[in-house]
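Written out below as structure tokens is the structure these notes cover.
Just so you know, all these numbers are worked out from the coordinates, no wet-lab data involved. Because the structure is predicted, anything quoted here is derived from the model rather than measured. Note that we place each Cβ from the backbone using ideal geometry, even for glycine, and neighbour counts take in every protein chain shown.
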Amino acid sequence: MAQVNLAPPQMPEGKKRIAVMTSGGDAPGMSGAVRAVVRQTIASGCDAFAVYEGYEGLVQGGDMIKQMYWEDVRGWLSEGGTLIGTARCMAFKERPGRLQAAKNMIAKGIDALVICGGDGSLTGADKFRGEWPSLVQELVEKKMCTAEEVEPFKHLNVVGLVGSIDNDMSSTDATIGCYSSLQRICQAVDFIDATAFSHQRAFVIEVMGRHCGWLALMAGVSCGADFVFLPENPPSTDWEKDMCDIVKKHRTLGKRKTIVIVAEGAHDRDLNPIKPSKVKDLLSNEVGLDTRVTTLGHVQRGGTACAYDRMLATLQGVEAVKAVLEATPETPSPVICIVENKIVRKSLLDAVALTHKVADAIESKDFGTAMKLRDAEFTEYFNAYNIMTSTEKEEMKLPQEKRLRVGIIHVGAPAGGMNAATRAVTAYCLTRGHTPVAIHNGFPGLCRHHDDKPEGSVREISWLDAENWGAKGGSEIGTNRGLPSEDFDTTAMCFEKYKIDALFVVGGFEAFTAVSELRKARSKYDAFKIPMVILPATVSNNVPGTEYSIGSDTCLNALIDYCDAIKQSAAASRRRVFVVETQGGASGYVATIAGLSIGAVAVYTPEEGIHLNMLASDIKHLKEQFAQDKGQNRSGKIILRNEKASKTYTTEIVANIIREESGGRFDSRFAVPGHVQQGGVPSPMDRVRAVRFGVKSLQHIETFTGKSKDEIAADPMSAALIGVRGAKVGFSSMEKVETEETDWKDRRPKNEFWTDLTQIVDTLSGRKRVKKEE
Ligand code: ATP
């Protein structure tokens with residue numbers, strides 16, 4: 001995932017010497033960012049350096065600033081924390097420290113610095129760059145350097161990468177490390193959930209975030225917490241009563257467990273801290289619950305990076321080097337951000353200033369501004385969270401005539417997040433006064449059972465039914481590949497019989513096909529003249545009209561865990577290449593993004609195919625790589641082959657050819673993870689996006705209330721798909737996507753946004769791309 005600009009950098013000057021450092025709190029993915037910067041620098045014909053231990057290394061100089069070579073960063077994508085170290089450095093906050101840092105950089109001939117850190121580190125970077133000309137002048141005046149020595153270093157080039165688990169930087173939707181941390185938190189909350197359920201207990205869980213409630217909010221959305229406390233948006237002045245009322249209400253509805261999440265920096269509207277112990281006392285004394293407190297602490301920082309963070313670190317590292325190479329003395333320092341699915345450069349100065357404004361707004365109790373200064377996404381999640389937990393508040397309900405019976409159906413193979421979407425939509429419907437109706441086992445389920453088991457196949461869902469579905473994999477209401485065209489008459493008859501006023505469809509390419517069929521059949525069946533929205537959900541991420549389908553992130557995480565384990569075994573046993581077969585149908589998305597995330601030697605996609613020249617060139621490349629591998633730099637090698645990359649060169653045959661042609665220098669095996677890729681527990685990203693997109697889908701459906709069937713049928717947006725396109729999330733009309741953007745034969749979008757990313761996999765593995773005819 002993620003769009004990047006792949007145009008070759010426009011270099012104003014010659015060879016650069018680019019240093020990379022990590023600073024502030026460590027975050028998963030930082031090592032991956034260092035790997036990407038080092039390799040992209042070398043691939044661009046420049047020299048790469050690493051500054052060890054953050055600004056401390058810059059101030060101390062000497063061996064703390066080391067030249068880095070290609071093999072030095074081998075295997076770093078799979079490592080947690082930062083392998084070049086990080087530190088909090090007081091000396092750098094003072095000018096003499098920065099003066100020494102400038103001297104050390106000039107001594108090593110470094111003219112550009114890529115810094116991966118949080119807002120403190122980037123504030124320091126910005127200050128350093130602003131002061132650079134005066135620091136250089138001072139070095140000459142104090143005779144610490146000669147005028148000749150400083151001549152080539154008149155300008156310092158600084159690029160920021162946001163590495164932080166808190167996701168506290170304005171201007172970017174995600175920081176490197178935040179989704180890994182969220183994954184850790186959600187794992188812990190899921191574990192706690194089980195014991196809370198067993199004993200009917202309440203748990204108050206404290207998560208990191210001094211000025212930023214992103215982790216707390218997202219954990220609340222993805223784990224179905226009963227209440228969350230965030231620094232940006234403190235609860236009402238009467239929060240003690242509000243919280244107890246909500247918890248009591250959930251218990252009255254039949255919930256056996258209570259989870260309350262408190263951000264480390266949570267406070268009330270007068271900035272008095274809200275501590276977990278206080279929340280615990282309230283739940284014990286006012287609600288009468290057996291309540292425990294769990295502080296997750298540094299567990300949240302630990303572990304290897306999730307797929308998204310590896311991808312983000314890699315793409316942003318590559319973009320940072322390009323930004324360095326394209327910079328002129330006039331270019332303002334950029335920070336590399338991601339907005340929805342697009343990697344963009346923004347002004348470092350502005351991003352830092354905006355981030356400080358959030359803290360200032362909180363400080364001055366202007367919480368409305370604090371919320372506005374976070375990304376639009378944050379507010380959407382906050383609203384979605386409130387809708388899901390504030391069960392049946394009368395003031396949130398629509399008038400009777402605007403209430404709908406909303407059919408919810410899953411179509412195609414299971415994908416992570418399908419249940420979270422269903423839970424969100426159910427809660428949304430109930431809050432607004434609609435009736436959520438589950439259609440079990442897809443369209444065949446609807447048609448097959450409507451006579452003999454009416455109550456089983458189509459059922460109104462209660463809040464409690466769906467309440468604990470958020471973290472579940474698979475499909476709780478059942479999914480099926482069957483299409484409406486198998487029996488249009490019965491499908492239409494059932495829609496009428498169960499008074500379905502609107503349809504929310506969750507699934508992959510089959511779901512897309514199903515909605516297309518229903519839309520086209522409207523001319524014959526009035527029952528289909530209802531608003532319909534499809535939420536793309538498939539591990540393959542091959543639904544046209546969107547760059548992201550829920551379930552694809554869960555799949556990538558399952559795949560990288562699998563590949564990490566295999567890589568370790570390959571490195572430990574002997575020189576071995578694993579050829580791993582990935583799912584994805586005729587779309588190479590999963591193979592490519594997994595390739596970026598694990599540092600694959602090569603990725604074979606159906607879009608490009610496999611040919612003998614390619615295999616010969618890759619075998620030659622492997623021989624060279626193994627020849628360089630020594631001692632601690634030894635690492636297992638992986639080639640990812642999509643299941644449909646070639647009819648002739650199957651995964652087993654590719655592995656056999658590699659073994660045969662290796663001349664005994666290395667071994668090759670193949671591995672097929674198969675359905676492991678559907679993942680067990682859905683990833684937090686798939687869960688939270690399922691909630692956000694589900695709620696948005698229902699809001700879209702509500703825009704059609706009060707319209708006649710013919711008016712609905714005449715509006716192209718009445719059959720729509722929700723998706724991400726570049727920096728935007730929105731709806732596309734099915735008619736347009738079907739006719740203009742769909743490759744029906746190969747069941748994928750005509751233009752796949754990610755295809756150029758294979759170039760980055762190749763660049764970072766040093767692989768040459770060859771043509772079939774060569
Ligand atoms: P996290 O988000 O994980 O806390 P951070 O980058 O915000 O990461 P800080 O401890 O705030 O972490 O900053 C890291 C280092 O950056 C500091 O130890 C210091 O060396 C440098 N730094 C921070 N603020 C400034 C500043 N205003 N001027 C110069 N250097 C600074």
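Only helices enter the 222 nm calculation for the chain: every DSSP H run of n ≥ 4 contributes -39,500 (n - 2.57), and dividing by all residues gives -13000 deg cm²/dmol, rounded to 500.
Taking a Cβ cut-off of under 13 Å around ASP119, the surrounding Lys, Arg, Asp and Glu residues balance to a net charge of -2, with basic ones at +1 and acidic ones at -1. Give the separation of the Cα centroids, region 301-316 to region 229-252, in Å. Computed from Cα coordinates, the inter-centre distance equals 34 Å. Dipole magnitude for region 196-319: about 520 debye, using +1 per Lys or Arg Cβ and -1 per Asp or Glu Cβ, origin at the Cα centre. Using every pair of distinct Cα positions in the chain, the Kirkwood expression returns a hydrodynamic radius of 27.5 angstrom. Computed over region 28-102, the alpha-carbon pair-distance distribution with 5 angstrom bins reads 3, 17, 22, 21, 18, 12, 5, 1, each value a whole percent. Find which of VAL159, VAL335, ALA413 sits farthest along the positive direction of the dipole of the chain, computed with +1 on the beta-carbon of Lys and Arg, -1 on that of Asp and Glu, about the Cα centre. Value: ALA413.
Net charge near SER277: determine it from the other residues with C-beta under 13 Å of the C-beta of SER277, scoring Lys and Arg +1 and Asp and Glu -1. That works out to +2.
Per-residue extension of 0.36 nm, minus the Cα-Cα distance of GLU363 and HIS298, leaves a gain of 20.8 nm for this segment.
The loop-placed trypsin sites (Lys or Arg not before Pro) in region 546-611, going by DSSP, that have at most 13 neighbouring Cβ atoms within 10 Å of their Cβ come out as ARG574. Each of SER284, SER549 was scored by other Cβ atoms within 10 Å of its Cβ. Arranged with the fewest first, they read SER284, SER549.
Derived value for region 1-142: Kirkwood hydrodynamic radius 15.6 Å. Basis is the mean of 1/r over every pair of different alpha-carbon atoms. To the nearest ten degrees, helix 552-573 and the longest principal axis of the Cα atoms of the chain are 50 degrees apart.
Dividing the mean sequence gap of close Cα pairs (under 8 Å, 6+ apart) by how many residues the chain holds gives a relative contact order of 13 percent. Within the same chain, aspartates and glutamates fewer than 8 places from LYS16 are excluded, and of the rest, those with a Cα less than 14 Å from its Cα are ASP47, ASP111, GLU326. Report, ordered by chain and residue number, the lysines lying within cross-link reach of LYS644, taken as a straight Cα distance under 27 Å and ignoring same-chain residues fewer than 8 apart. Within the straight-line limit of under 27 Å, LYS644 reaches these lysines: LYS567, LYS620, LYS623, LYS745, LYS750, LYS768, LYS771, LYS772. Sparse packing (at most 14 other Cβ atoms within 10 Å of the Cβ) combined with a DSSP loop state is found for the following trypsin sites (Lys or Arg not before Pro) in region 674-774: LYS745, LYS750, LYS768, ARG769, LYS771, LYS772. May I ask what percent, to the nearest 5, of DSSP beta bridges between residues of the chain are antiparallel? For the chain, the DSSP antiparallel bridge percentage is about 25.
Can you grab the distance from the C-alpha centre of region 328-380 to the C-alpha centre of region 522-598, Å, no decimals? Comparing the Cα centres of region 328-380 and region 522-598, I get a distance of 31 Å.
For the chain, a crude dipole built from +1 on the beta carbon of Lys and Arg and -1 on the beta carbon of Asp and Glu, taken about the Cα centre, is about 1140 debye to the nearest 20.
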